[in-house]
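The values are calculated or read from the model by the stated rules, or taken from the named source; none is laboratory data. Just so we're clear, the structure is a prediction, and the values are computed from it rather than from any experiment. FYI the Cβ positions are ideal-geometry reconstructions off the backbone, even for glycines, and counts take in every protein chain you see. Just so you know, the surface numbers come from the protein's heavy atoms only, side chains and all, with ligands and any DNA or RNA stripped out. Shrake-Rupley method; radii C 1.70, N 1.55, O 1.52, S 1.80 Å.
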Amino acid sequence: MNSPGKPDRATWIQGPSANCSPRPERVQEPWRLVLLGAPGVGKGTQADLLHQRLNACHLSTGDVFRSAGSRSECDQSPAMKAALQYMRRGDLVPDSIVWEMVLERSGCLRCGGGFLLDGFPRTLAQAESLKQLMENQRLYLTAVLNYSLPLSEIVVRLSGRRTCQNCKAVYHATERPPKSADTCDRCGGKLFQREDDRPESVKVRLEAYEKSTAPLIEFYQRMGILVTVTASGTPEDICERTIAVLEDCRKRNPARERG
Ligand code: AP5
């Protein structure tokens, strides 16, 4: 989603031939973060708030797939068409397709403003590939944020989610409603319910998370960069909690920033 002054993420969303506008500012100590957590826990909402605080760019793999899905069929590559089928069912897109897409956009990982990876990595194979790629480029993750919330609250968040079809801002029908029904407060765009928020797809997504993504918690714990954040309360409270743990991380591990 875009707030005023937020880069449009064109390079990430459309691919390396597009240039972000405005170009993210280079900062001295960029934050390079991964946001982990079950579908619907609030990663996208937090990424948007964290961007405003840390300046790092919000890089969501789900947004890349959804944006490709909104193009005409003939503008979609065969791999992207296949990816969209998996996504609609709630299944994970195969690693090979995801990795090809991320690799094509790997320049975004070197962005001078840092990054907030949301929805990637999602399997151990993706996490290994990212680690290797970053090590080769002498880049290091500052931290991996693991957002946690009881399943019952996650289901409520997913079933009420509404997204702006234009700027991708995220609302909740009852918890964070727009001022005017079905209309985005930021840009006036129409709000829609994501196809994969239907109950049958949500079930598949939650199972895929448990089976394939939850093991990443241990992976990053072993690397010593995992921090768990309770995802209950208002988005602003959760963001404050996140900033506090990140500041603590930086104090404890300043050497990591030189990457
Ligand atoms: P993706 O887009 O990454 O979806 P996800 O991980 O399932 O996460 P969501 O976007 O559903 O939730 P979120 O945690 O961002 O929550 P949000 O902030 O919106 O992936 C979609 C699909 O793409 C996957 O299923 C897969 O098919 C494919 N894919 C993507 N990446 C892949 C990869 N790497 N490998 C393989 N496949 C991949 O919040 C949810 C709702 O809660 C909103 O309505 C929001 O307003 C509300 N809310 C947020 N915070 C709060 C709060 N504190 N209090 C009350 N309400 C809140």
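Within segment 136-173, the set of residues being of a type in the set (Lys, Arg) and either outside any loop (DSSP other than H, G, I, E, B) or in contact with a helix residue (DSSP H, G or I) (Cβ under 6 Å, 6 or more places away or on another chain) (or both) comprises ARG157, ARG161, ARG162. Does segment 186-193 include one or more residues that are within 12 Å of the ligand (Cβ to nearest atom), on the phi < 0 side of the Ramachandran plot and open to solvent by 80 Å² or more (accessible area, probe 1.4 Å)? The answer is yes, given that some residue of segment 186-193 is within 12 Å of the ligand (Cβ to nearest atom), on the phi < 0 side of the Ramachandran plot and open to solvent by 80 Å² or more (accessible area, probe 1.4 Å). Of the residues making up segment 227-237, those that are under 16 Å from the mean Cα position of the chain (by Cα) and within 9 Å of the ligand (Cβ to nearest atom) are ALA231, PRO235.
So in segment 60-106, with the set limited to residues that are of a type in the set (Lys, Arg) and crowded, with 17+ Cβ neighbours inside 10 Å, which one is nearest to the ligand (Cβ to nearest atom)? Outline the logic, then answer.
So in segment 60-106, the residues of a type in the set (Lys, Arg) come out as 66, 71, 81, 88-89, 105.
Of the ones still in play, those that are also crowded, with 17+ Cβ neighbours inside 10 Å are 66, 105.
Values: ARG66: 7, ARG105: 12 Å.
Checked segment 60-106; the qualifying residue nearest to the ligand (Cβ to nearest atom) is ARG66.
Conditions tested, residue by residue: (1) touching a residue at least 40 places away in the same chain (Cβ under 8 Å); (2) among the hydroxyl-bearing types (Ser, Thr, Tyr); (3) not in a helix (DSSP H, G or I).
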residue	(1), (2), (3)
TRP12	yes, no, no
ARG23	no, no, yes
THR45	yes, yes, no
GLN52	yes, no, no
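Taking (1) under 24 Å from ALA56 (Cα atoms); (2) without any contact (Cβ under 8 Å) to a residue 24 or more places away in the chain in turn, GLY160 satisfies each apart from (1). A Cβ distance below 8 Å, combined with a sequence gap of six or more or placement on separate chains, defines the contacts here; from segment 101-123, residues that are over 12 Å from THR11 (Cα atoms) reach residues that are of a type in the set (Ser, Thr, Tyr) and surrounded by fewer than 20 Cβ atoms within 10 Å (Cβ to Cβ) in the pairs PRO121/SER129; ARG122/SER212; THR123/SER212.
Out of the residues in segment 25-39 that are more than 16 Å from the ligand (Cβ to nearest atom) and either free of Cβ contacts under 8 Å to residues at least 12 places away in the same chain or not in a loop (DSSP other than H, G, I, E, B) (or both), which is farthest from SER60 (Cα to Cα)?
Narrowing segment 25-39 to residues more than 16 Å from the ligand (Cβ to nearest atom): 25-32.
Now drop any that are not either free of Cβ contacts under 8 Å to residues at least 12 places away in the same chain or not in a loop (DSSP other than H, G, I, E, B) (or both), which leaves 28, 31-32.
On the way: GLN28: 23, TRP31: 16, ARG32: 14 Å.
By that ranking, first place goes to GLN28.
So for segment 172-184 (the condition being at positive phi and open to solvent by less than 60 Å² (accessible area, probe 1.4 Å)), does at least one residue qualify? Steps first, please.
Within segment 172-184, the subset at positive phi is 182.
When the remaining residues are screened for being open to solvent by less than 60 Å² (accessible area, probe 1.4 Å), the result is none.
No, because not a single residue in segment 172-184 is at positive phi and open to solvent by less than 60 Å² (accessible area, probe 1.4 Å).
Quick check on my filter: what residues within segment 1-57 are farther than 25 Å from GLU104 by Cα and touching a Pro at 6+ places or on another chain (Cβ under 8 Å)? Matches in segment 1-57: GLY5, GLY42, THR45, GLN46, LEU49.
Among the numbered conditions (1) under 25 Å from ALA214 (Cβ atoms); (2) among the small types (Gly, Ala, Ser); (3) open to solvent by less than 60 Å² (accessible area, probe 1.4 Å), the only one that GLY113 does not meet is (1).
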